[in-house]
Structures are given as C-alpha cells and as structure tokens.
1. Does any residue in the range 42-59 that is at negative phi and buried (at least 17 other Cβ atoms within 10 Å of the Cβ) come within less than 7 Å, Cβ to Cβ, of a residue that is among the aromatic types (Phe, Trp, Tyr) and at pLDDT below 95 six or more places away or on a different chain, and which pairs are these?
2. If I ask for residues that are in contact with a Lys or Arg (Cβ under 7 Å, 6 or more places away or on another chain) and at positive phi, which ones from the range 73-125 would you list?
3. Collect the residues in the range 27-43 that are at pLDDT 95 or above and outside any strand (DSSP E or B), keeping them in residue-number order.
4. Out of all the residues in the range 114-133, is one or more outside any strand (DSSP E or B), of a type in the set (Gly, Ala, Ser) and in contact (Cβ under 8 Å) with a residue 40 or more places away in the chain?
5. Of all residues in the range 16-34, which are farther than 18 Å from residue 90 by Cβ and surrounded by fewer than 11 Cβ atoms within 10 Å (Cβ to Cβ)?
6. Among the residues of the range 46-77, what is the count of those that are within 14 Å of residue 94 (Cα to Cα) and part of a loop (DSSP other than H, G, I, E, B)?
7. Please enumerate the residues belonging to the range 78-105 that are in contact (Cβ under 8 Å) with a residue 40 or more places away in the chain, part of a loop (DSSP other than H, G, I, E, B), in contact with a Phe, Trp or Tyr (Cβ under 9 Å, 6 or more places away or on another chain) and closer than 26 Å to residue 10 by Cα.
Amino acid sequence: MTEVHTVCREGEIPRGGRNIVDVAGRSIGIFNVEGRFFALKNVCPHQGARLCEGTLKGVTALDADDRPVLEREGEVIRCPWHGWEFDIASGRSLFNPERLRVKTYPVTIEEEVVKFAETYPVSVEDGMVTVHI
C-alpha cells in the first residue's frame, strides 16, 4: 500500500523552484516545473551525491536552420558532483535512459480542508450551566 505524506503547501515551491524534504527517512526533492510537480529521490545513482541540490537546466537542440536552441528549460537536473543529467519527470538519465534512472515518486496537489471544532450554545441560569445540543 502506498503511504501518503503531506510535505508543504503548493505555493511554497515557486515555478522553477524546488524543496528538499525528508519523508519516512528518505531525502526527496520536490520540483515545480511550470506548475507541474515532480518528486525525485535525492541520491545520484553514480556515486550518491545529493542530486536534487544540482543545477536545473534544459537541453540543447537544433532549430530548422541548424542553430542551437535551449528546450525543456528547468526539466533536467544535473548532479552537483559529476554532471550526470536526469529528466525530472521520468527520473531517466539523458545519457542512458533505458538503463540508468533515479527513483521518482507520484505527487498530488490536494485541496486544503479547513476543519472546525463543533461548538454548542451554552447558557447560565441561577448558577446552573446548560449546554444546548
């Protein structure tokens, strides 16, 4: 069975930002990529660096005139130790996506429910306190 852990409010992670949290003894990076949220285990599979502390970047592609252009800005995390790159959404390595990946976790945004304690009217007459239910 999947465990559910509330880690922060949606507004605490701005677009292009991240929050690294401890969930059930695991360090996990939560990323906001253009309003979509993703979670990665904060461990690079290469040598165990804190992956989610790395640089957020995009990928370079060629346009129709063979000029380099930046695509997918903020969708790739680069390991701070050796520069290995991973797709934030899938956890897959850009270098070897079929064999090398980082653990991902599903993220949901739940509506905040405000709960109120139930109260009852109370009256005092001739020194007697009465609760009206």
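The values are calculated or read from the model by the stated rules, or taken from the named source; none is laboratory data. Quantities reported herein were computed from a predicted structural model and do not represent experimental measurements. Here the Cβ is made from the backbone with ideal geometry for all residues, glycine too, and neighbour counts use every protein chain on show.
1. Between residues of the range 42-59 that are at negative phi and buried (at least 17 other Cβ atoms within 10 Å of the Cβ) and residues that are among the aromatic types (Phe, Trp, Tyr) and at pLDDT below 95, the close pairs are 44/84.
2. If the condition is that a residue be in contact with a Lys or Arg (Cβ under 7 Å, 6 or more places away or on another chain) and at positive phi, then 91 is the only one that fits.
3. Selection gives 42, 43.
4. We begin by selecting, within the range 114-133, every residue outside any strand (DSSP E or B); these are 114-121, 126-127, 132-133.
Checking which are of a type in the set (Gly, Ala, Ser) leaves us with 117, 127.
Of the ones still in play, those that are also in contact (Cβ under 8 Å) with a residue 40 or more places away in the chain are none.
Within the range 114-133 (the criterion being outside any strand (DSSP E or B), of a type in the set (Gly, Ala, Ser) and in contact (Cβ under 8 Å) with a residue 40 or more places away in the chain), the answer is no, since none of the residues qualifies.
5. Matches in the range 16-34: 24, 25.
6. Total satisfying the criteria: 1.
7. 88, 89, 91, 102
So that you can scan it fast, the table gives a plain yes or no per residue for (1) out of contact with any Cys (no Cβ under 9 Å at 6 or more places or on another chain); (2) at pLDDT 90 or above; (3) under 29 Å from residue 7 (Cβ atoms):
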site: 22; (1), (2), (3): yes, yes, yes
site: 25; (1), (2), (3): yes, yes, yes
site: 69; (1), (2), (3): yes, no, no
site: 74; (1), (2), (3): yes, no, yes
site: 129; (1), (2), (3): yes, no, no
